[in-house]
Structure formats: C-alpha cells, structure tokens
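Okay, structure first, notes after.
The numbers here are math on the coordinates, done by the rules we state, and not lab data. Because the structure is a prediction, the values reported are computed rather than measured. Cβ atoms come from the backbone with ideal geometry, glycine included; neighbour counts cover every protein chain shown.
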Amino acid sequence: MVETEIVHVENLTKLFGHKAAVDHISFSVPQGEVFGLVGPNGAGKTTTVKMLTTLLPSSGGSASIHGYDIRKHPSQVRRFIGYVPQALSADGDLTGYENLLMFCKLLGISGTERPRRIQEILEMMDLTEAAHRRVKQYSGGMVRRLEVGQAMLMRPSVLLLDEPTVGLDPVARRTVWDLLNSFRQQYPLSILITTHYMDEAEALCDRVAIMNHGHIAALDTPAALRAGTGNPEATMEDAFRFYTGGDYAEEADYRDVKRTRKIARRLG
Amino acid sequence: MTSSVLARLPGASAENMPEGRQESWLAVWLRGIAGVVELEVRKLWHDPTEVFTRAVQPALWLLIFGEAFSRLRAIPTGGVSYLTFMAPGILAQSMMFISIFFGIAIIWERDLGLMQKMLALPLPRSVFILGKALAAGVRSLAQVVVVIIISLLIEIPLRWQLVPLLGVIATVMIGAMIFASFSMILASIVKTRERFMGLGQLFTMPFFFASNALYPISIMPPWLQVLSRINPLTYVVNLLRGFLVTGQVNASADFGILIVVAVVMVVVATKLYPTAIY
C-alpha cells in the first residue's frame, strides 16, 4: 500500500526580523501517523503550527497539506485541518452544545445533518451530560475534549494540536491521551502534535522531531531516538539532551511564561 | 455510533467540502457572516448585563446634562427644545461608545485562542469583521430602545413612526459598523488591552465633541467645522436628527458618505485583523 502523505514540509522558515524562529525544517506526515514536534518553549513549534494552519505567513521554504500549498491555497488548506490552539479556545459564555452548533453553522453543515453530528461528537468526547452547561463551568479536561470535538466536526484529514495538555492535571492529561490514542486506532486520521513533555511524546507519537532553536535536531521513532543515544536505559529526556547537546533554547520569554500560567489558571 | 460520523474521514479529498457539494462564494460568505452574528448574539443573550449598564450613560446625558442645558437656551436648535435637539446626538454617541470599544473583544479572543481557531476555519476573513461589525450594530440597537423609553418618560417629542424608525435602525447599524471596524483596526495595531483602552478613550472625545451631536456645526470656529465635516459621527447625527426631529433627511448624501467610509473601514480591518495574532 502506498502511503498517502498528508503533511509535507520542506525547508520551511519563519523570520521575525533577522531572527529565524523556524529555520529550514523539513518533514512529512503520512496518513494515519501521529507526529510530534517536541522541544522547549521558544523552539519554534507553535510558529510551525501557525504556518501550517495558514495563520502566519511563512518567510521561506514550502509546506502543503493534502497537496495544497499553504501560501498559494490557504482556504483549501483550511478545509482539511482541525486545529486546537494552545490557549483554551472554546467559548466560555456558550454551552458545549452551542459551541458545537455554532461551528457546524460556520462550517456549513446542513440543518438536517447537524443534530446527528453534534450528538455523535458529544458521545465520542463523553460530554453528553454536560452538553447544556456553559463551558465556563467545565473542567480543563472537558474543555480540551470539547475543543478536539469541535476540530473533528468537519472531518479533517489532519488534526493539529498545539500543546494539548499544557496546564492539565495528570488525570485529565491521561484522558486526552486515551482519546487521541483511540482516534488513531479507529480512523486513519493524521495528528500533528506539539509538546514540551517528553513522556507525552513517547506515549502518543509514532515519530518525533526534536526541535531546538528553530531547527530539527533529530527525527525518528521514540524508541530509535532513545537507542541512538547509545545508552540502553535512556529516557526521552536523555535523548532530548543528547540530540540538543544540552543546549536548550532559553527563549521562553516573559510572554510565553505568562500565557502558560494564564492557561493553567483558567484550567483551575 | 461514533464510527458513522468519521467513517469517511481522511482521504475523502473532494468530498471533504461541507456536505460534499460545491457552495458558491457568496453562499459561504453569507453563511459565515450569519454565523458570526449569531455567535455574538447568543453570547449577549446569555449575559445581557452589558445592555443594561450601557443604558445608563445615555440616560444620564439626557436627564442631567440635557435638562440643565435646556435651561440655557444659548444653543441654536432650529426651533425645537434643546432636549429634542440633543436626543439624536446622544443616541449617536451611545452607539459610538459601544462600537469603539468593541475591538477589545479581538484582543480578548486573541488571548483566549478563539480567534486563532476561527481564522483556521475555511471561511474568508472578511466574514469575521463584517459579522462582528454587524453584531456591534445589534448591540447598539438596544440603545435605540433606551432612547425611546427616556424620550417617552420625559416627553421629548420625537418622530417614532415606522419609516423614521427604519431609517434610525439603518443609520445606527451602519454607524456601528464604521466605529466597530475602526476599533478592530486599532486593536490589530496596538495588540494589548492596556494600550487599547487608552487609545479608545483618546478617540471617543474628539469624535463626540467635534461633531454636531450637542451643538450645530454653524456655531463652531472654522477649524472645528473642518474637523466636524470629516467626522463620520456628524453624518450619523445628521441622519438621526433628520429622521427623529426635523423630518428632513438628505439620505443619499449622508448615507452615501457613511457607506463609503464603512466599506473602507471593513476592507482595512480585514487586511489588518489576521495580523493581530503575530
């Protein structure tokens, strides 16, 4: 069987002034794969995702989703992606049901199809009982599940998750992992995930790209990355240190930290 | 059960369009705008506090400032009482206040991640600006109700028949679109709430006082007259006063100017809006 390439990235670059936030990175994600971009805050993960979701114009190189170039056909690209941004993006003033309903309307899902799709997403995300409560009252894990549900409404080819478990407690993190793992067993959905948690990369990803200073320092399966260090007992943390030479990007600036804290606070 | 939703998940390239049919550009656009407006209205419906707190300001202007100044008789009002003269001006001001702080929602939604998610939807970006601008109009319409109630209470004679009322609604909507888009332009440029609040305050005063909301242009010094004539609020007040007080409306000229300004504002805001997340 020929692997269908869903995401293709070649020498993708983003400059902010003279500084390269993303510096000539290349990778591809075949259908059904869970691909992880791993690295510290400021490594260029979120910038990469923003370029792939057409939110941020790239400075050089190219990338395509489902064969559509992100610069030339942004509206086509947006038809195939489900995006869950880092910050909590479900609307707290609306109920979970309304969040899904409004997305259906924005996506042009017909009135006859809507109830079926919403109900199925609610069941899949285990939110049926909370459907008519306002999202403000949801726990962090529930909000995340709702957001993944919103992103799944339009049947994307690739789900882009930016730090999906940042600020979640261990139990809620586990629920999100289980959810994503069950997706991939059931559907040939590609998932691109960014995280700075090494255990998360190991638990979820088929292949991992270790990013540092805007570069990809290493790209392989988690097992191969660990083996590559030469130490049979190496953890993903060790592998990360090995490939980055211990030289972490200390670029998590004030804004990043502030944002992470804010998300954590909203998650309670 | 769940499998049916996602049964034909990826790879369904051509089918992956909504409902598997090709929608016209216009249909997508209108559906998007309607969606954004509905979203805003639902939020307001869940928490209508803002409608009530916003009602206080025009009430104070009319009841305190208006009652006091109507004793002065220093301002030429064209033969009507000062309260009657200023009521349309206060309606315009109240619409502008609501709309000019609307852009703060952009910053808020950017911080929340809501905006990022919306921009990643397969919809043209003008949809978000137009939808929000119209939503600002809907909020401002609540002020029309407020002014009607106050004018009935303190017996300000205004022409509230159907035709003038429709004219008032159209004027308030288009005025709100202008100031809301202007506000979204500011928000996209300054990017932080603190700076935005400062700027918002800075702009409301000249828009309000360099207009004919409280006094006619004829009493202003020449330089202020020039300012008033390039101020869109002046044309809003012209129309409102025409519909509600004098019954003489220069509709084509005033609406024409407002429509041109609105189109320019919406176009610029559409260009700048996606840059708010950079």
Which three lengths, in whole Å and largest first, does region A:91-137 cover when its Cα atoms are put on their principal axes? 29, 20, 12
Quotient of C-alpha Rg and 2.2 N^0.38 Å, computed over region B:183-278: 1.27
With no solvent term and unit scatterers on the alpha-carbon positions of chain B, Debye gives log₁₀ I(q)/I(0) at q = 0.14, 0.15, 0.17 Å⁻¹ of -1.00, -1.12, -1.37
Using only the C-alpha atoms of region A:1-81, find the volume of their convex hull and express it per residue in Å³. 92 Å³
Identify which of A:G17, A:G42, A:G167 has the largest mean-square fluctuation in a Gaussian network model of chain A, with springs joining Cα atoms closer than 10 Å. A:G17
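Given A:K14/A:K136; A:K72/A:K136; A:K72/B:K132; A:K72/B:K43; A:K19/B:K43; A:K72/B:K191, which pairs have Cα atoms separated by over 30 Å? Don't skip to the end; give the middle numbers.
Values: A:K14/A:K136 35 Å; A:K72/A:K136 38 Å; A:K72/B:K132 27 Å; A:K72/B:K43 35 Å; A:K19/B:K43 40 Å; A:K72/B:K191 27 Å.
As for pairs spanning more than 30 Å Cα to Cα, those are A:K14/A:K136; A:K72/A:K136; A:K72/B:K43; A:K19/B:K43.
What Kirkwood radius, in Å to one decimal, follows from the Cα pairs of region A:160-254?
Working: mean 1/r = 0.0696 Å⁻¹.
By the Kirkwood definition, the hydrodynamic radius is 14.4 Å.
May I ask for the percentage of alpha-carbon pairs in region B:114-252 that lie more than 21 Å from each other? It would help to have the intermediate numbers written out before the result.
Details: 5135 of 9591 pairs.
The share of Cα pairs beyond 21 Å in region B:114-252 comes to 54 percent.
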Report, in whole Å, the centroid distance computed from the Cα atoms of region A:164-178 and region A:80-154. 18 Å
Taking only C-alpha pairs under 8 Å that are 6+ residues apart, what is the relative contact order of chain A in percent? 26 percent
Inverting the mean 1/r over all pairs of different Cα atoms, compute the Kirkwood radius of the protein assembly as shown and quote it in Å. 25.5 Å
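Using a simple charge model, +1 on the beta-carbon of Lys and Arg, -1 on the beta-carbon of Asp and Glu, nothing else, what dipole does the protein assembly as shown show about its Cα centre, in debye to the nearest 20? Please list the in-between numbers first.
Working: 51 positive and 45 negative charges, 364 e Å.
That gives a dipole near 1740 debye.
Which whole-number percent gives the relative contact order of region A:1-123, counting Cα pairs below 8 Å spaced six or more residues apart? Kindly include the intermediate steps, with their values, before the conclusion.
Values: 145 pairs, mean separation 24.8, N = 123.
Computed value for region A:1-123: 20 percent relative contact order.
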Take the Cα pairs of chain A, get the Kirkwood Rh, then feed it into Stokes-Einstein at 37 °C and 0.692 mPa s and tell me D in µm²/s. 172 µm²/s
